[in-house]
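The values are calculated or read from the model by the stated rules, or taken from the named source; none is laboratory data. Treat the numbers as computed from the prediction; the structure is a model and nothing was measured. Cβ: placed from backbone, ideal geometry, glycine included. Neighbour counts: every protein chain shown. Keep in mind that these areas ignore ligands, DNA and RNA; they rest on the heavy atoms of the full protein, side chains included. Shrake-Rupley method; radii C 1.70, N 1.55, O 1.52, S 1.80 Å.
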Amino acid sequence: MLCRLNASEAIRREGLQKGAGGGWCTYAISPGSAREGSHLKMVGRIALDPGAAVGGHPHEVDEEVYVVLSGVGVYLDGDTEYEVGPGDVTVTFRGERHGLRNTGTEPLVFLAFIAG
């Protein structure tokens with residue numbers, strides 16, 4: 001499967017995981033459209049608006065990876081916050097909680113992968 005995210009339509013989403021603000025999401029695998037039998041549940045690029053956040057949320061039955069492409073923000077790993085920027089990779093394992101907030105003046109762009 002090949003997906004050209006640059007040629008795909010971005011979808012505006014507000015309140016990601018009940019976080020403030022919103023952003024533009026472009027999906028290779030959109031939520032709820034995963035292939036039967038695949039461990040991949042979602043693959044996408046998210047451009048989080050300045051000041052917006054993916055609200056803190058648990059991963060009870062799956063895991064998620066973020067790869068920061070551009071922008072700056074704060075990653076919530078359980079109860080600990082870390083500054084993140086281009087090239088950083090975050091991993092949230094099953095049973096853990098995470099979130100992400102854009103603290104910059106430009107969109108915080110990252111790839112997100114959910115598998116379970």
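Within the stretch 105-116, is there a residue that is touching a Pro at 6+ places or on another chain (Cβ under 6 Å) and modelled with pLDDT of 95 or more?
yes
The set of residues from the stretch 73-113 being in a loop (DSSP other than H, G, I, E, B), surrounded by fewer than 17 Cβ atoms within 10 Å (Cβ to Cβ) and touching a residue at least 24 places away in the same chain (Cβ under 8 Å) comprises F93, R94, G95, E96, T103, G104, T105, E106. Please verify whether the stretch 7-20 includes one or more residues that are of a type in the set (A, V, I, L, M), part of a strand (DSSP E or B) and within 14 Å of the chain's Cα centre (by Cα). Yes, the stretch 7-20 contains at least one residue that is of a type in the set (A, V, I, L, M), part of a strand (DSSP E or B) and within 14 Å of the chain's Cα centre (by Cα). Among the conditions (1) basic (K, R); (2) part of a strand (DSSP E or B); (3) within 19 Å of F113 (Cβ to Cβ), the only one that R35 does not satisfy is (2).
Any idea how many residues of the stretch 37-49 are of a type in the set (D, E) and open to solvent by 80 Å² or more (accessible area, probe 1.4 Å)?
Restricting attention to the stretch 37-49, the residues satisfying the condition of being of a type in the set (D, E) are 49.
Restricting the remaining residues to those that are open to solvent by 80 Å² or more (accessible area, probe 1.4 Å) gives none.
So the count comes out to 0.
Identify all residues within the stretch 52-72 that are surrounded by 13 or more Cβ atoms within 10 Å (Cβ to Cβ) and assigned to a loop (DSSP other than H, G, I, E, B); write none if there are none. Selection gives A52, H59, D62, G71, V72.
If you take the residues of the stretch 9-36 that are among the basic types (K, R) and closer than 23 Å to R101 by Cβ, which of them is surrounded by the most Cβ atoms within 10 Å (Cβ to Cβ)?
Filtering the stretch 9-36 down to residues among the basic types (K, R) leaves 12-13, 18, 35.
Subsequent filtering for residues that are closer than 23 Å to R101 by Cβ retains 12-13, 18.
Working: R12: 9, R13: 15, K18: 11.
Filtering first and then ranking leaves R13.
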